[in-house]
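Down below is the structure, laid out as structure tokens.
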Amino acid sequence: MTTPAISVQNVSKRYGETLVLRDINLEIPRGEVTCLIGPSGSGKSTLLRCMAFLEETTSGSILIEGEPLGFIEKDGKRRAQSPSELRATRSKVGMVFQQFNLWPHMTALGNVSAALRRVRKMPRKEAEERAMAQLTKVGLEDRAGHYPSQLSGGQQQRVAIARALALDPTIMLFDEPTSALDPELTGEVLNVMRALADEGMTMVAVTHEIGFAASVGNTVCFLDQGKLLFHDTPEKVFAAPRHPRLEQFLDTYLDRGASMLK
Amino acid sequence: MNFDFAVILAKGPQIIAGLGVTILIWIVGTILAAAIGFLVATLRRYGGRLMDKLLSVPVEILRGTPFLVQIFLLYFGGPYIGIRLDPIPAGLLGLSIYGAAYYAEIFRAGYNSVPTGHAEAADCVGFTRLQTILYVQLPEMALLVLPPANNMAVILLKETALLSLITVPEMTMTVQAIGSQQYAFVEAIVVLALVYWGLVELSNFLGRIAERRLSKLSS
């Protein structure tokens, strides 16, 4: 068996007194799309952010392609990774945020090429050529010179996806990528994600787009109150009889396009 | 009694020499103050809780005491602890440290204005802390910190007048001396006021140009 893309082992996370993640165990297989769903406050975003090491786990560990993220285990001892070791482990992972988080003082091309130039030390011309190829991939080659403020939300999110893809990650993490978008604009972002899934990219997406989870996801994980209640193929997760908590959760979706599942 | 500016202006070369010292101390002092202030703000933000607490002490002391008291302590008190400085270096040092405390607060506000997510995104694409500061946070905060930074530069310019009290041969000291020698004290002070005002307006003008350029870049 090959090592999973991401392996989450006994992960718990605590903010003060509140347990936001309770002993999560999960394996993200390579080349598959895993969707994390659940009500707000269920810990799904926190779990995803732990996979990008934007949050530290309180206990348990996360392995990226078999390598521990954030710490190194040697002779049974655990020590924190140095910043450069952390960057190396993290470089396999691309992250897309709910709020896009594009850098407003750079053009779309600047946003996508910045890391190629600064981190990969590519000459400007080469970096921009590669950035342009990524922008073309998300259908924004004609917007390369635009600043984020001159782009629609959907376009900004596609630039953000191109920015993450430019570094050739093997895993892409999406934190509610369409939640900040008008309903009309979610489609263009979901299409890009669908195309990416078709190419065989390993993806983990926290999403409220139940339709996307059902049609694109290979695995759907349902989190509630910091616990991973269950995970399975969308067919099994959404097939009747459903888990009562999921049933309750889906009820809130009736008018959001998930009615077809009922 | 008649105003007679001619006697003051006749000493043009002397005044210009004083003006030169004023401008030198102002510009070098402001650049140093801003650089130290930025360093302090950065260390307070990323150097851990202890560093933040430690650095807050000098910042509070410098912001809580008059500049005049600080330069007196530095220039007249310094020799007691083995710091013997000539007037110009003492003035420059005093002005830089005093300004740094305020610039540290300006840059602290600047850091706070950049959404955390923008730094997280930089983190995720592999930027080092320094790269994130240089390529993301600093340019993003530039537009916001520019008006208070210019304001502080203007205040520092006017504070240089106090350096005459530790015998820095800057403009205030020079023009006052001329005024006393020529029995034209009020004329001297008026000339002084006009020159400072001119410099302040120049600083504001440059500040506005910089602001316009930056806002064009980030719109």
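With viscosity set to 0.890 mPa s and temperature to 25 °C, compute the Stokes-Einstein D of chain B, Rh being the Kirkwood radius across alpha carbon pairs; µm²/s, no decimals.
It diffuses with D of about 127 µm²/s by this estimate.
Restricting to DSSP H runs of at least four residues, report the calculated mean residue ellipticity at 222 nm for chain B, -39500 (n - 2.57) per run over all residues, nearest 500 deg cm²/dmol.
Dividing the helical sum by the residues of chain B leaves -25500 deg cm²/dmol.
Can you give the FRET efficiency for B:L85 and B:S215, using 1/(1 + (r/R0)^6), R0 = 45 Å, r = Cβ-Cβ distance, to the nearest 0.05?
0.65
How high is the FRET efficiency from A:T58 to A:D182, r the C-beta distance, R0 25 Å, rounded to 0.05?
Efficiency computed from Cβ-Cβ geometry: 0.10.
With just the Cα atoms defining each centre, how far is segment B:75-127 from segment A:168-226? Give it in Å.
45 Å
I want the local charge near B:T132. Using Cβ-Cβ distances under 11 Å, sum +1 for each Lys or Arg and -1 for each Asp or Glu among the other residues.
With Lys, Arg at +1 and Asp, Glu at -1, the net is -1.
Highest GNM mean-square fluctuation, chain B, Cα pairs closer than 10 Å: which of B:G94, B:G110, B:G78?
Per the Cα network of chain B with a 10 Å cutoff, B:G78 tops the list.
Which of rounded, prolate or oblate describes chain A when judged by the alpha-carbon gyration tensor and an a/c cut-off of 1.5?
Cα axes put chain A in the oblate bin.
Where Rh is the Kirkwood radius over the Cα pairs of the protein assembly as shown, the temperature 20 °C and the viscosity 1.002 mPa s, what D in µm²/s does Stokes-Einstein return?
Translational diffusion coefficient: 81 µm²/s.
For segment B:27-102, which trypsin sites (Lys or Arg not before Pro) are both in a DSSP coil and crowded by at most 14 other Cβ atoms within 10 Å?
Sites meeting the loop and neighbour criteria: B:R84.
Quote to one decimal, in nm, the extra length available between A:R78 and A:N218 on full extension: 0.36 nm per residue of separation minus the C-alpha distance between them.
Fully extending the segment from A:R78 to A:N218 adds 47.0 nm.
Among the GluC sites (Glu not before Pro) within segment A:153-248, which fall in a DSSP loop and have no more than 14 other Cβ atoms within 10 Å of their own Cβ?
Those that pass, being in a loop and sparsely packed, are A:E199.
Since every read-out is calculated from the coordinates, none of them should be taken as a lab result. Since the model is a prediction, treat every value here as computed from it, not as a measurement. No Cβ is skipped: glycine too gets one built from the backbone with ideal geometry, and neighbour counts run over all protein chains shown.
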